[in-house]
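Peer 1: Supplied in structure tokens, the structure appears directly below.
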Amino acid sequence: MLAAKTQKICSDEAPEGTAGSTFMVPKKEISMVPDMGKWKRSQAYADYMGFILTLNEGVKGKKLTCEYKVSETVEKLLDLLGTLDRWINETPPADQPSRFGNKAYRTWYSKLDQEAEALVLAVLPADKCAAAPEIAVYLKESVGNSTRIDYGTGHEAAFAVFLCCLCKVGALRVDDQLAIVFKVFNRYLSVMRKLQRTYRMEPAGSQGVWGLDDFQFLPFIWGSSQFVDHPTLEPRHFIDERVVNEHHQDYMFLDCIKFINEVGERNTLLTVCLFLKFLWNISAVPSWSKVNQGLIRMYKAECLEKFPVIQHFKFGSLLSIQPIKP
């Protein structure tokens, strides 16, 4: 149902509801716990989950290394992410006594704050330039918080919203789905990992409570979908280090595990224990389809239905707080 609705968000037809639209700078609408009901009934929630589920279906059974279309818009998004990566190189960590939260991140972020709208303009079709200020807000929200110098699944969700908005205005199309996950989101992951390592960013909010990576969730969902109906690799196999090393270039799920294993020092002992428990629990699930369904339920419950995460979410004309139309 939701995935079907998203075909209208990311389609090859003229985008609905954007011609002659009045775009607006997104703002917070969830200020108290009782406001969470508004979020779960909103058009934004339906559109966001529809977008996530459509991409989940699109990557099902496919390798990162498979062939797919790479459009001009996707190339422009990769250039945008390349710019963010280059700025990290140009902004080395400051020499400071505290281990976490390197203040040089704020210098890096200030560049994005100043240039975000121009970066988005370079991606948008000429007739959708008016949407740049609205969409740029989600780009800025997607890289972490400059005050706390932290990053978490709410920031990751902001990047997914950024991509969803590009679909809604017609910059990304239905045949970009594989490239959105395998090219754009994967590149975003690498830039965020570099940010986290370079500036020793704190995990925002989660503290590993769901037993996943402290910082990311979506690559586990889409990564598990890639394994659905795999002829040989079952959930019990991915705890084998040899399997991870041999197949991580083809599967996002395994690449995430490889990264966590390599940089385990960024996680607390509690987080590592929770993560290992989570891995063993998944390895006992009989099929990747069930793993995928379970992760989607977990994402809704532990991220999208948690006030500490959603209180920071911003709503505009493209992702509206208005109730979903029946």
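Peer 1: Averaged per residue, what accessible surface does the chain expose to a 1.4 Å probe, in Å²?
Peer 2: Each residue of the chain exposes 44 Å² on average to a 1.4 Å probe.
Peer 1: Reported to two decimal places, what Rg/Rh ratio describes the chain when computed on Cα atoms with Rh from the Kirkwood expression?
Peer 2: 0.94
Peer 1: Taking H placed 1.01 Å from N in the peptide plane, check which residues at least 5 places from residue 233 or on another chain put their amide H under 5 Å from its amide H.
Peer 2: Correct list: empty.
Peer 1: Also, I was wondering about something else. Under a plain spin-label model, where a point goes 7 Å from the Cα along Cα-to-Cβ, how far apart in nm are residue 22 and residue 234?
Peer 2: Simple spin-label model gives 5.9 nm for this pair.
Peer 1: Compute the projected area of the convex hull of the Cα atoms of the range 135-244, averaged over all viewing directions, and report it in nm² to one decimal place.
Peer 2: Result: a mean projected hull area of 8.5 nm².
Peer 1: Sticking with this structure for a sec: Take each uninterrupted DSSP H stretch in the chain, measure its Cα extent along the helix axis, and return the ones at 24 Å or beyond whose mean Kyte-Doolittle hydropathy is at least -1.0.
Peer 2: Membrane-span-like by this criterion, though nothing is claimed about a membrane: 72-90, 104-121.
Peer 1: Moving on to the next point. Skipping prolines and chain starts, which residues have an amide H placed within reach, meaning under 5 Å, of the one on residue 28, given they are 5 or more residues away or on another chain?
Peer 2: Residues meeting the amide H criterion: 315.
Peer 1: If you don't mind, another one. Taking the radius of gyration and the Kirkwood hydrodynamic radius from Cα positions alone, what is the Rg/Rh ratio for the range 26-90, to two decimal places?
Peer 2: Ratio of gyration radius to Kirkwood radius: 1.13.
Peer 1: What are the ³J(HN,Hα) values, in whole Hz, obtained from phi via the Karplus relation 6.51 cos²θ - 1.76 cosθ + 1.60 with θ = phi - 60°, for each residue of the range 142-151 in sequence order, with x given for Gly and Pro?
Peer 2: Calculated HN-Hα couplings, in order: 8, 10, x, 9, 6, 7, 8, 6, 10, 8 Hz.
Peer 1: Residues in the range 220-234, backbone N under 17 Å from the label point at residue 250 (7 Å along the Cα-to-beta-carbon vector): list them, ranges by number please.
Peer 2: Those under the cut-off are 223-234.
Peer 1: Something else: Looking only at 32, 298, 201, which one moves most when the chain is put into a Gaussian network model with springs between Cα atoms under 10 Å?
Peer 2: 32
Peer 1: Kirkwood Rh over alpha-carbon pairs of the range 59-160, then Stokes-Einstein at 37 °C and 0.692 mPa s: what D in µm² s⁻¹, rounded to an integer?
Peer 2: For the chosen part, D equals 212 µm²/s.
Peer 1: So who's got an amide H within less than 5 Å of the one on residue 101, skipping anything under 5 residues away but keeping other chains? H placed 1.01 Å off N, in plane.
Peer 2: 201, 202
Peer 1: Counting only protein heavy atoms, what percent of the accessible surface of the chain is carbon or sulfur at a 1.4 Å probe?
Peer 2: 53
Peer 1: With n ≥ 4 as the cut-off for DSSP H runs, can you work out [θ] at 222 nm for the chain, using -39500 (n - 2.57) per run divided by the number of residues, rounded to the nearest 500?
Peer 2: -15500 deg cm²/dmol
The values are calculated or read from the model by the stated rules, or taken from the named source; none is laboratory data. These numbers come from a predicted model, not from an experiment. We place every Cβ from the backbone using ideal geometry, glycine too, and count neighbours over all the protein chains shown. Surface accessibility is based on the protein's heavy atoms, side chains included, excluding ligands, DNA and RNA. Shrake-Rupley method; radii C 1.70, N 1.55, O 1.52, S 1.80 Å.
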